[in-house]
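S.K.: Below: one structure in structure tokens.
The values are calculated or read from the model by the stated rules, or taken from the named source; none is laboratory data. None of these values were measured; they are calculated from a predicted model. Cβ placement follows ideal geometry from the backbone for every residue including glycine, while neighbour counts extend to all protein chains displayed. What goes into the accessible areas is simple: the full protein's heavy atoms, side chains included, and nothing from ligands, DNA or RNA. Shrake-Rupley method; radii C 1.70, N 1.55, O 1.52, S 1.80 Å.
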Amino acid sequence: CFFFFKQKTAYEILSGLVGSEMCIRDRYSVLAKSAKGKSLETLISTILSDSEVWIFGEALEMENIKNLKGTPSEPHLRALELFAYSNYMEYKQNKKNYIELNASQLKKLKMLTLLELATKEKTIAYGKIMSLLELTDVRELEDMVIAGIYNNLLGCRLDNKQQQLIVEYVASRDFKMEDAPKLFGQLEKWLSHVEAVEKKLESTLKGISSKMEEAANRRIKVREAADSAQAKALSEADQQRMIFQPQMQYHGGISGMGGMGAFGHGGNRPDPDYGHQTLTLNLQNQPVSYTHL
């Protein structure tokens, strides 16, 4: 089965850090400015144990922490560098170079190592993660992943059927300044990829625009042809109505001598045209006459 967790954007992750982790780091920075000797060692151990602090570059830039190099407190400085730049495997191989980590610090270092793996691979086998981090079972792996998600450190799907972790996003870690050229190279490669995609999209959009214009022109032509056909049909219909329309003419009427009535003044003989009407129909130019008496 799959366990799906909502993917967060980089802006959402940054907003979370502004509201919590950055405030905590600022507090530690203030404390570190005046700390020396054992108190500074204790402060570094506290930072390494704090489950809400995942960026360590600010602490490493502080002069009093830099000055730990070459002193009996140097293992604390190296431990801080370990959490900032390295991983659990390095700690296991070179324990003598670092302070002894407690349970919470080991758990945190394993989480940072998981983030490092997730930046390199989008699909990670359960077996690989459990082997590198020395996890006892899948439940421990799931608990670690869920904790990372709720700390806004990564987003992923746990595919128990395929026994693999499918990565969707990862929060960034500290990086050394000597690694900057490599990072810039990766950014340039990403930028080139974005530009190539942009060009392809522009080409595709031009093709779509051209096809839409052609379709619009076809619609106009079809409409013009339909209007022309309709006008022609109406014209022909009008002509047909004119051909078959009856033309009626009435001839005759009531007339009398002097045109004064059915009988002339003093006349006693009816007009022979009285009551006589003629209807002429013109059908296809063939006149037909009907006479009604």
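Matching residues to (1) modelled with pLDDT of 75 or more; (2) surrounded by fewer than 18 Cβ atoms within 10 Å (Cβ to Cβ):
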site: Phe2; (1), (2): no, yes
site: Ala10; (1), (2): no, yes
site: Ser20; (1), (2): no, yes
site: Asp26; (1), (2): no, yes
site: Ile47; (1), (2): yes, no
site: Ser51; (1), (2): yes, yes
site: Trp54; (1), (2): yes, no
site: Gly57; (1), (2): yes, yes
site: Glu61; (1), (2): yes, yes
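S.K.: Looking at the range 126-137, can you tell me whether even one residue there is open to solvent by less than 40 Å² (accessible area, probe 1.4 Å) and under 24 Å from Leu183 (Cα atoms)?
M.R.: no
Yes/no matrix, rows are residues, columns are (1) at pLDDT 95 or above; (2) surrounded by fewer than 18 Cβ atoms within 10 Å (Cβ to Cβ); (3) of a type in the set (Lys, Arg):
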{"residue": "Asn94", "(1), (2), (3)": "yes, yes, no"}
{"residue": "Asn102", "(1), (2), (3)": "yes, yes, no"}
{"residue": "Leu141", "(1), (2), (3)": "yes, no, no"}
{"residue": "Asn151", "(1), (2), (3)": "no, yes, no"}
{"residue": "Lys161", "(1), (2), (3)": "no, yes, yes"}
{"residue": "Val170", "(1), (2), (3)": "no, no, no"}
{"residue": "Glu178", "(1), (2), (3)": "no, yes, no"}
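S.K.: Moving on. Restricting the range 31-45 to residues that are part of a helix (DSSP H, G or I) and among the basic types (Lys, Arg), which is modelled with the highest pLDDT?
M.R.: By that ranking, first place goes to Lys38.
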